[in-house]
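Asker: Have a look at this one before I ask anything.
The values are calculated or read from the model by the stated rules, or taken from the named source; none is laboratory data. Bear in mind the structure is a predicted one, so any value in this text is a computation, not a measurement. Glycine gets a Cβ as well: all are built from the backbone with ideal geometry, and neighbour counts include every protein chain shown. For accessibility, only protein heavy atoms count, side chains too; no ligands or nucleic acids. Shrake-Rupley method; radii C 1.70, N 1.55, O 1.52, S 1.80 Å.
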Amino acid sequence: MDFPIPEAPASLLRRLNDAGYEAFLVGGCVRDLLRGETPQDWDICTSARPEQTRACFAGERVIETGLKHGTVTVLVEGQPFEITTYRVDGTYSDGRRPDRVDFVSDLTQDLARRDFTMNAMALGLDGALRDPFGGAEDIRRKLIRCVGEPERRFREDGLRLMRCLRFAADLGYAVEEETGAALLRCREMLRNVAAERIQAELRKLLMGAGCVEVLRRWPELFWEFWPELKALKGMPQNSPYHCWDGWEHTLHALSAAPPDLAVRLAVLLHDVGKPPCRSTDEAGVDHFYGHESVGAELADGMLRRLKFDNATRERVVTLVARHCLWFPPEERNIRRWLGRLGAETFFQLLEVKRCDGRGQPEEVSLPRRGELDALEAKARAILAQGECLTLKGLAVKGSDALAAGIPKGPAVGEALHALLEQVLDGSLPNDREVLLEKLAERAGR
Ligand code: ATP
Ligand code: MG
């Protein structure tokens with residue numbers, strides 16, 4: 001096997017070797033090289049102690065933030081390379097981080113502390129792969145397997161469960177049987193993991209090509225941090241619009257989603273309000289009145305819990321709240337909704353609605369698909385004409401309202417919004433003179 005190592009990381013390995021130390025590429029970059037992908041970042045492990053590594057790179061730009069854990073970061077042309085001394089982790093008492101780390105002189109011991117076999121390989125300048133746990137074979141078989149005894153490894157560090165799911169979704173690999181059984185048994189370990197870390201892995205997971213299979217195979221793990229999803233599974237939807245339970249409907253919808261995080265989150269959460277809103281009429285038909293607003297409320301709490309940024313959270317909540325929005329496809333309606341939601345959210349909403357349709361029987365969703373396409377085409381045409389869609393594009397501003405005699409305070413915004421609504425539905429032109437006159441009328445002058 002021959003894996004060409006780019007010059008920048010190769011130069012670091014050479015420098016350490018020349019000083020008499022062992023040094024290898026290790027972890028994710030070796031995995032990615034074997035998969036034929038270009039690594040995002042390059043990690044190096046070495047027998048050199050941190051001070052020795054530092055001495056090797058005297059005169060280079062070095063960052064010492066990880067020194068306690070044995071990591072020295074060297075910058076080569078602005079790109080950071082982490083060089084970490086061989087180490088073993090001490091005991092884990094908090095289910096997340098080792099209480100201490102000890103430096104060792106043996107590469108295999110360092111590889112043994114790593115999470116999965118595919119991440120526990122090292123590659124040196126000699127081109128030979130160090131692979132004591134069969135990582136290359138697992139990559140060939142597309143399998144994620146813990147190094148060592150899965151249950152013990154998951155109980156040491158709960159983040160590994162989330163990494164396992166993320167890799168499964170991202171790489172489209174299966175989880176080896178023992179590892180999978182331990183994943184399920186250890187699921188409560190996810191409670192030890194900081195919300196930000198769950199969120200970071202969840203983002204990558206949802207953007208992965210295999211995310212639907214992972215959600216379908218391991219729903220119980222997601223319930224640990226999002227128990228709101230649980231009631232969808234097995235929830236009957238006895239209605240002409242549906243042929244699956246709430247969870248299968250959600251997964252079918254998600255399988256149609258483009259790789260856009262807000263859209264994927266919104267599709268995953270779009271019906272989370274259905275279980276609490278379900279009612280069955282005398283004919284035995286299920287209804288879910290108000291589930292969009294209940295769902296938006298729940299989604300808001302779920303995203304806050306994982307500390308999503310405000311912009312993503314607000315966007316997703318809007319998409320969930322509006323996923324049932326339907327209006328006659330007249331230009332004035334489209335203009336109004338483009339203005340209310342903003343163009344980007346408007347098009348994301350169309351995506352969410354398309355996905356929702358994919359989770360329904362064809363006879364329901366097929367005609368809708370054409371309507372959504374027509375709506376999108378009309379909206380794009382409106383945007384291309386550059387028409388006024390928001391307050392920013394309105395021909396008068398707050399200062400004009402004040403000058404016309406509208407009292408300072410909320411009345412200004414109200415006056416401008418009232419004008420915008422009329423411009424959007426075509427009852428007023430977006431013409432400064434006309435709008436100034438309307439403002440004066442409103443102010444009673
Ligand atoms: P990515 O492609 O996302 O960077 P990665 O596997 O490189 O994936 P990193 O967080 O960069 O992930 O970690 C580098 C290496 O450190 C991993 O390949 C693995 O060997 C080891 N590692 C990372 N996190 C853990 C963990 N929680 N438990 C054990 N080993 C870990
Ligand atoms: Mg990495």
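Asker: What shape does segment 203-256 have by the C-alpha gyration tensor, where a ≥ b ≥ c are the square roots of the eigenvalues, rounded means a/c under 1.5, and otherwise prolate means a/b greater than b/c and oblate the rest?
Answerer: oblate
Asker: Say a site is exposed when it is one of the GluC sites (Glu not before Pro), sits in a DSSP loop, and has at most 16 other Cβ atoms within 10 Å; what is then the longest site-free stretch of the chain?
Answerer: The longest such stretch corresponds to 78-281.
Asker: Relative to the Cα centre, what is the charge dipole magnitude of the chain, using +1 at the beta carbon of each Lys and Arg, -1 at the beta carbon of each Asp and Glu, and rounding to the nearest 20 debye?
Answerer: Around 660 debye, computed over the chain.
Asker: Over segment 191-282, what is the relative contact order in percent, taking alpha-carbon pairs closer than 8 angstrom and at least six residues apart?
Answerer: So the answer I get is 25 percent.
Asker: Let me ask you something else. If you fit an axis through the alpha-carbon atoms of helix 410-424 and take the longest principal axis of the Cα set of the chain, what angle between them do you get, 0 to 90°, nearest 10?
Answerer: Value to nearest ten degrees: 80.
Asker: A follow-up question, please. Which of 290, 59, 124 moves the most in a Gaussian network model of the chain with Cα springs under 10 Å?
Answerer: Most flexible of the set in this elastic network: 59.
Asker: Using Cα springs under 10 Å in a Gaussian network model of the chain, which residue among 431, 115, 170 shows the largest mean-square fluctuation?
Answerer: Top of the fluctuation ranking is 431.
Asker: Counting other Cβ atoms within 10 Å, which trypsin sites (Lys or Arg not before Pro) in segment 348-416 have at most 16 and lie in a DSSP loop?
Answerer: 397, 408
Asker: Still on this structure, I have one more. By how many degrees, between 0 and 90 and to the nearest 10, does the Cα long axis of helix 331-341 differ from the longest principal axis of the chain?
Answerer: For helix 331-341, the angle is close to 50 degrees.
Asker: Okay, next question. Assuming R0 = 56 Å, can you tell me the calculated FRET efficiency for the pair residue 96 and residue 374, based on Cβ-Cβ distance, to the nearest 0.05?
Answerer: 0.65
Asker: Then there is this: Which of rounded, prolate or oblate describes segment 253-387 when judged by the alpha-carbon gyration tensor and an a/c cut-off of 1.5?
Answerer: Oblate is the answer for segment 253-387, as a/c is 1.5 or above yet b/c matches or exceeds a/b.
Asker: Still on this structure: Sequence gap at least 6, Cα distance under 8 Å: using those rules, report the relative contact order of segment 7-131 to the nearest whole percent.
Answerer: Once normalised by length, the contact order is 25 percent.
Asker: Given the convex hull over the Cα atoms of segment 7-131, what projected area results after averaging over all orientations, in nm²?
Answerer: With the hull built on Cα positions only, its mean projection is 7.7 nm².
Asker: Something else: Taking the full set of protein chains and a 1.4 angstrom probe, give the accessible area of residue 84 in square angstrom, rounded to the nearest 10.
Answerer: 20 Å²
Asker: Oh, and also: Calculate, for residue 35 and residue 255, the FRET efficiency according to 1/(1 + (r/R0)^6) with r their C-beta to C-beta distance and R0 35 Å; round to the nearest 0.05.
Answerer: With a Förster radius of 35 Å, E is 0.90.
Asker: Also, quick follow-up: Counting pairs of alpha carbon atoms under 8 Å apart in space and at least six apart in sequence, what relative contact order in percent does segment 253-387 give?
Answerer: 26 percent
Asker: Between the alpha-carbon centers of segment 123-141 and segment 212-254, tell me the distance in whole angstrom.
Answerer: 38 Å
Asker: Sticking with this structure for a sec: Over the heavy atoms of residue 173, what accessible area does a 1.4 Å probe trace out, to the nearest 10 Å²?
Answerer: Residue 173 has an accessible surface of roughly 20 Å² with all protein chains in place.
Asker: Moving on. Full extension from residue 382 to residue 312: what is 0.36 nm times the residue separation minus their Cα-Cα distance, to one decimal in nm?
Answerer: 22.6 nm
Asker: If you don't mind, there's one more thing I want to ask. With a ≥ b ≥ c the root eigenvalues of the C-alpha gyration tensor of segment 347-427, is it rounded (a/c under 1.5), prolate (a/b larger than b/c) or oblate?
Answerer: It comes out prolate by the Cα gyration axes.
Asker: Largest first and to the nearest Å, give the Cα extent of segment 157-301 along each principal axis.
Answerer: In descending order, the Cα extents are 50, 30, 27 Å.
Asker: Please report, for the Cα atoms of segment 1-52, the Rg to one decimal and the Dmax as a whole number; what are they, in angstrom?
Answerer: 11.5, 34
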